[in-house]
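Worksheet: one structure, shown below.
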Amino acid sequence: RMINQLRVYRIDPAAREAFHARFRDHAARLMRALDFRIVAMWEEDRRPRGEDELNFVYLLAWKDEAEMQAKWAAFMAQEEWAEIKRRTSAEHGPMVLGNFDRTLHPVDYSAAVEPRS
């Protein structure tokens, strides 16, 4: 059974558009080239509720933890990604203020969450 990985980035509201452009145009493209299976992406804006938080959330599907670790290592080793991060951070400042991720293992009575084609 596949596993899923939930990733949440707290983004600087002042760099919101730059963050989305970097993720959409570069990170997601590079991830797909490495056969990352992106299930879905969301924005969670907690500011209207009086909280100081704007989050970018996405869900990935993996066949197992070994695949997840290997693909992330390959992604992080890309010189293109390192250069994109350097350039965009120099131009827009720190866009990601914090992050966390969770590895989600389905229970035996759960429907699978598969990537969209």
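Please sort by residue number the GluC sites (Glu not before Pro) in the range 26-117 whose DSSP state is loop and whose Cβ has at most 15 other Cβ atoms within 10 Å. In loop regions of the range 26-117 (DSSP not H, G, I, E or B), the sparsely surrounded GluC sites (Glu not before Pro) are 51, 53.
For the range 83-95, backbone phi angles converted through the Karplus equation (6.51, -1.76, 1.60; θ = phi - 60°) give residue-by-residue couplings of 5, 4, 4, 4, 5, 5, 5, 5, 7, 10, x, x, 8 Hz, Gly and Pro being listed as x.
For the chain, the fraction of alpha-carbon pairs lying more than 20 Å apart is 47 percent, rounded to a whole number. Solvent exposure of the chain, expressed per residue, is 60 Å² of accessible area, with all protein chains present and a 1.4 angstrom probe.
Within the listed set 16, 47, 29, the Gaussian network model of the chain (springs between alpha-carbon atoms below 10 Å) gives the highest mean-square fluctuation for 47.
Please express the Cα-Cα pair-distance distribution P(r) of the range 39-103 as a list of whole percents, one per 5 Å bin, running from 0 to the bin with the greatest distance. Binned Cα distances yield the sequence 3, 12, 15, 20, 23, 15, 8, 4. Once the chain from residue 34 to residue 109 is taken as fully extended at 0.36 nm per residue, the excess over their C-alpha distance is 23.9 nm.
Taking only DSSP H segments of four or more residues, each worth -39500 (n - 2.57), what value at 222 nm results for the chain once the sum is divided by all its residues, to the nearest 500 deg cm²/dmol?
Theoretical 222 nm ellipticity from helices: -9500 deg cm²/dmol.
The values are calculated or read from the model by the stated rules, or taken from the named source; none is laboratory data. This is a predicted model, so every value here is computed, not measured. Cβ: placed from backbone, ideal geometry, glycine included. Neighbour counts: every protein chain shown. Ligands, DNA and RNA are stripped out before the accessible areas are found, and what is left, the full protein with its side chains, is counted by its heavy atoms. Shrake-Rupley method; radii C 1.70, N 1.55, O 1.52, S 1.80 Å.
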